[in-house]
Amino acid sequence: MTEPLRAGEGRDAPGYELPLLLFAGFRSLIDQLHAELARQGHPDVRPAHGFALQAIGLEGATAVTIGRHLGVSKQAAGKTVDRLESLGYAARTDDPTDARRKLVRLTPRGLDALARSAAIFDRLRGEWATALGADRLRAMESDLRAVTPPDSFGLDAAGWLAGP
């Protein structure tokens, strides 16, 4: 007795399934990341915070730059920074190159969240490699790089999903 085919197996799936499957994979990874971050002492970090922490980066950034990277207004970026400050992940400091500007920098807690996120993503990738096979996973990653623009690693998912 053979197993019944699931949608899309053994035949071309309808075109609309591809973005849904890609999004489901993305969502699965992000949900698992945040569950593990919560277990490791970062229960308040949300996906939008992760994008903002990446936008701030190791060198720090202005609210304008953070907003540009996230695809949101300076005001929206400022509200996100306010929240990150209240949670202890970021702090506003004077910009040493321009006294009129403030830089947002990651605190030790913010740096810890980023480091833990990287380690968790590595573990999750390893789980996918076990489930799919390392060669298949590398091929999938290579294939996705081939069909996505080189600058597609933007952090503006929240702004893009929210629309204009």
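The values are calculated or read from the model by the stated rules, or taken from the named source; none is laboratory data. Note that this is a predicted model, so its numbers are computed, not measured. Ideal geometry is used to build each Cβ from the backbone, glycine not excepted, and the neighbour counts take in all protein chains shown. Ligands, DNA and RNA are stripped out before the accessible areas are found, and what is left, the full protein with its side chains, is counted by its heavy atoms. Shrake-Rupley method; radii C 1.70, N 1.55, O 1.52, S 1.80 Å.
Work through the residues other than Ala35 whose Cβ is under 14 Å from its Cβ and net out their charges, Lys, Arg +1 and Asp, Glu -1. Intermediate results must be reported in sequence, preceding the final value.
Working: positive: Arg27, Arg39, Arg46, Arg116, Arg123; negative: Asp31, Glu36, Asp44, Glu127.
My count for the surroundings of Ala35 gives +1.
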Any chance you could give the angle, 0 to 90 degrees and rounded to 10, that helix 108-132 forms with the longest Cα principal axis of the chain?
-> 10
Heavy atoms of Glu141 accessible to a 1.4 Å probe, total area in Å² rounded to 10 | 50
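If you take the alpha carbon radius of gyration of the chain and divide it by 2.2 N^0.38 Å, what ratio comes out, to two decimals?
On the way: Rg = 19.0 Å, N = 164, 2.2 N^0.38 = 15.3 Å.
This ratio for the chain stands at 1.24.
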Would you work out the charge dipole size for the stretch 42-128 about its Cα centre, treating the Cβ of every Lys and Arg as +1 and the Cβ of every Asp and Glu as -1, and quote it to the nearest 20 debye?
-> 220
Give me the accessible area of Phe23, 1.4 Å probe, in Å² rounded to the nearest 10.
-> 100
Given the options Val72, Val147, Val45, state which has the largest fluctuation in a GNM of the chain using a 10 Å cut-off (strictly under) for Cα springs.
-> Val147
Provide Rg over Rh for the stretch 47-98; use the alpha carbon set for both Rg and the Kirkwood Rh (inverse mean inverse pair distance).
-> 0.93
In degrees from 0 to 90, rounded to the nearest 10, what is the angle of the helix 134-147 Cα long axis to the longest principal axis of the chain?
-> 70
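What dipole magnitude, in Debye to the nearest 20, does the chain give about its Cα centre under +1 on Lys/Arg Cβ and -1 on Asp/Glu Cβ? Write down the numbers at each step before the final one.
Details: 21 positive and 21 negative charges, 106 e Å.
Its charge dipole is roughly 500 debye.
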Whenever you get a sec, line up Ser117, Ser86, Ser142 from highest to lowest accessible area (probe 1.4 Å, protein heavy atoms).
-> Ser86, Ser142, Ser117
Run the 1.4 Å probe and let me know the accessible area of Leu111, rounded to the nearest 10 Å².
-> 70
